[in-house]
Amino acid sequence: MPLAYTELPFTRNLIAASSYGLEFPGKWQRDVPPFRSTYQTSVFVAALQTLGILNEDDADLNKIRPRIFEIGRGGI
């Protein structure tokens with residue numbers, strides 16, 4: 001039996017937080033397909049900021065709220 005299933009009786013709900021989704025909100029992603037992870041999304045945003053394409057006034061990065069998920073025994 002896989003390790004995850006042997007520990008299932010002892011586990012409780014898990015809270016996971018993510019700062020970005022797989023797509024960056026707004027007009028910035030355009031024709032770029034969805035990313036594979038939130039790390040790729042954050043690198044994309046950092047590259048836009050570094051190149052001067054995206055600044056805090058345009059995207060208002062402080063308004064992006066973290067996504068919070070509760071993962072229980074039956075799934076998300």
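Using the structure shown, decide if PHE69 is of a type in the set (A, V, I, L, M, F, W, C) and either open to solvent by less than 40 Å² (accessible area, probe 1.4 Å) or touching a Pro at 6+ places or on another chain (Cβ under 9 Å) (or both).
Answer is no for this residue.
Conditions: (1) at pLDDT below 80; (2) loosely packed, with under 12 Cβ neighbours inside 10 Å. SER19 meets all but one. Number of the miss?
SER19 satisfies all of (1) at pLDDT below 80; (2) loosely packed, with under 12 Cβ neighbours inside 10 Å except (2).
Which of the residues belonging to region 22-38 are at pLDDT 80 or above and aromatic (Phe, Trp, Tyr)?
PHE35
May I ask you to list the residues in region 29-43 that are part of a loop (DSSP other than H, G, I, E, B) and either over 19 Å from ILE68 (Cβ atoms) or open to solvent by 60 Å² or more (accessible area, probe 1.4 Å) (or both)?
Passing the criteria: GLN29, ARG30, ASP31, VAL32, PRO33, PRO34, PHE35, ARG36.
Let me spell it out: the conditions are (1) modelled with pLDDT under 80; (2) surrounded by 10 or more Cβ atoms within 10 Å (Cβ to Cβ), and GLY75 meets all of them except one. Which number is the exception?
The single condition GLY75 does not satisfy is (2).
The values are calculated or read from the model by the stated rules, or taken from the named source; none is laboratory data. The structure displayed is predicted, hence computed values, not measured ones. Don't worry about glycine lacking a Cβ; one is built from the backbone with ideal geometry, like all the others, and counts go over all protein chains shown. We work out accessible area using only protein heavy atoms, side chains counted, and drop any ligands, DNA or RNA first. Shrake-Rupley method; radii C 1.70, N 1.55, O 1.52, S 1.80 Å.
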